[in-house]
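Structure, as structure tokens:
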Amino acid sequence: MKKQVGQVFTPLNWAKWLINKWGIFDAWIDGAHVCDPTAGQGIFALAMLHIARNRGIPITSERLSRITLIEMIPTHLKHFKREVRREFNIDFPAAQVFCKDIITKKHDEKYDILIGNPPWANFGDLPAAYKKVIKPFFIQEGLVDNKQQLLLGSSRVDMAALVLKVVVGKLLNQNGLGYFYLPTSLFFGESAHRGFRNYKADYRHFAIDNVYEFSTTTVFEGVSTSYCCARIHADKKQKFPVTYYRESEGNWVEYKAVPFENQNAPWRIVQNIDELKTDNSLEISLTPEQKPRQGVNTCGANNIFIYEHKPSHLPEHLLFPLATKEIWRQDKSSPHRWIMLPYCRETGKPLTHEQIQKYDTLCSYLQNFRDVLRDRKGTMLQTFISRGNWWAMLGVGPYSFAPFKVMWEAYGRNKFNPMVLSSVDGQMWQGNQAMHAFIPCWSEENAHKIKIALENPEILKLLRQLNGGGKCNWAQPGKIKKLLSFLEIDG
């Protein structure tokens, strides 16, 4: 795996913070064996040595023999050894440093405490060669049921989830403890992390009992992912509620975390258990064609299909108004961007090559970008491209051309404000990838009825409890479907 993929290096002061927060240093001094299984440049081990020096505690050979580093990149371990020599004038014992991929290579030793910051990267973001190597381990560790899931929604399974499953199951002594910086998606992600939340690793139970979520402090510069630190107990069954702390004006405020539905479900955060009482009338009647959807995904080709101004040289009936933030900030719903969909609106399928050739300017325009469009990544997209439809996108179907849409901002928001969008000169509004979600409607009356149902204040309350405020999963279609009881009716 390349150095930059998934590696989020921990600053020294925050390595010390985690060690002091959980009493790890004192446990080490008292005889515990400590291991960082994805050590990087060994910042947690260095932090332990810094704390020892600051407290005037001798760094003995015996104490060093109870700190172990495992890391797959040799240069990182060389850097660590140089730093130990430079700062402490000692040679870190070679027997305690292992250069291996802890996922793919067996490790025989076990430890009382695991500590660290596993790599943060979705499976889908990894290099192709490494994907092939570790794909079987996602299945082996119960994170997905089959390889096909890794090609679809479960490609969002984080490497941190796999690392935790491996190291908690295989490296911890009986009733051992793990302390890690982690992406919060492990606890709040939808189906992608359901496999992590079976709370089993190598047939051993494990439990998360304390979490600290950083909401204002920047621990990791340049990281947009929401993150926390958590304590994990091996050989202990998961129980709820979990004690969950959030930052607020420089203090840690205590909350309770409980699963939204069953044990494997995403967590829900409340200050007291009474908040769990919700209105049971969250039901909406929809036809099977009306399930919530994301917007159009150009798969990296926004500059080809999306325009600031409506282009006059392209067929007008293929140009559609694209939802932008202005729709929710202004009283008047007028387009600020346009998107071209070279699709048949009756079938929701890409236009054929013969149909595109009927429009000289369209044909010429697409041909100019043929190589770029054919080189786009993604298993589902490549299925279209292999059929010759290299102008295809994802998130387009008959539902895209419904004359009315109940649409809301689904990404990075704290408010839930559904709106009814009708067509503009016969052209239907489109959502922009994960930024927007919508329910397609074929009558204005039905659209307004659904909008009113979605405005139930219980929905906003539940969304906030599910910890999506300001995050990418704020009100995505899958989450909305879980919050509501969609009663399918015949069309």
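The values are calculated or read from the model by the stated rules, or taken from the named source; none is laboratory data. As the structure is a computational prediction, the values presented were derived from the model and not from experiment. Heads up, the Cβs are rebuilt from the backbone with ideal geometry, glycines too, and the neighbour counts pull from every protein chain shown.
Reported count of residues in the stretch 209-231, each being farther than 18 Å from Leu114 by Cβ and buried (at least 18 other Cβ atoms within 10 Å of the Cβ), is 4. The criterion of at least 2 residues that are without any contact (Cβ under 8 Å) to a residue 60 or more places away in the chain and not charged (D, E, K, R) is met, among strands (runs of 3 or more DSSP E) falling completely within the stretch 22-127, by 67-71, 97-99.
If the condition is being of a type in the set (Phe, Trp, Tyr) and not in a strand (DSSP E or B), then the stretch 173-198 contributes Phe187, Phe188, Phe196.
When the stretch 64-96 is examined, which residues are found to be under 38 Å from the mean Cα position of the chain (by Cα) and of a type in the set (D, E, K, R)? Listed by number, the residues that qualify are Arg66, Glu71, Lys78, Lys81, Arg82, Glu83, Glu87. Among residues of the stretch 299-323 that are in the same structural domain as Trp338 (by TED's automatic domain parsing), those with a beta-carbon under 7 Å from a residue that is in a loop (DSSP other than H, G, I, E, B) and of a type in the set (Lys, Arg) at least six positions away or on a different chain give the pairs Cys299/Arg376; Gly300/Arg376; Ala301/Arg376; Leu319/Lys310.
Taking the stretch 412-445, which residues are more than 23 Å from Phe305 (Cα to Cα) and assigned to a loop (DSSP other than H, G, I, E, B)? Passing the criteria: Gly412, Arg413, Asn414, Lys415, Phe416, Asn417, Pro418, Trp442, Ser443. Glu71 satisfies every condition listed in (1) surrounded by fewer than 16 Cβ atoms within 10 Å (Cβ to Cβ); (2) closer than 20 Å to Thr10 by Cβ except (1).
Within the bounds of the stretch 424-440, is there any residue that is at negative phi, without any contact (Cβ under 8 Å) to a residue 40 or more places away in the chain and either assigned by TED's automatic domain parsing to the domain that holds Lys481 or out of contact with any Phe, Trp or Tyr (no Cβ under 6 Å at 6 or more places or on another chain) (or both)?
In the first step, residues of the stretch 424-440 are kept if they are at negative phi; the result is 424, 427-432, 434-440.
Those left that are additionally without any contact (Cβ under 8 Å) to a residue 40 or more places away in the chain: none.
Looking for residues that are at negative phi, without any contact (Cβ under 8 Å) to a residue 40 or more places away in the chain and either assigned by TED's automatic domain parsing to the domain that holds Lys481 or out of contact with any Phe, Trp or Tyr (no Cβ under 6 Å at 6 or more places or on another chain) (or both), one finds none in the stretch 424-440, hence no.
Screening His448 with (1) surrounded by fewer than 17 Cβ atoms within 10 Å (Cβ to Cβ); (2) outside any helix (DSSP H, G or I) gives one miss only, at (2). Considered as a group, the residues in the stretch 278-310 that are in a loop (DSSP other than H, G, I, E, B) and of a type in the set (D, E, K, R) include one that is nearest to Leu466 (Cα to Cα), and that residue is Asp279. Specify which of the listed residues (Glu275, Glu254) is in a strand (DSSP E or B), more than 22 Å from Ser191 (Cα to Cα) and not small (Gly, Ala, Ser). When all the criteria are applied, what remains is Glu254.
Scanning the stretch 206-246 for residues that are in a strand (DSSP E or B), of a type in the set (Ser, Thr, Tyr) and either within 18 Å of Gly412 (Cβ to Cβ) or without any contact (Cβ under 8 Å) to a residue 24 or more places away in the chain (or both) returns a single hit, Tyr227.
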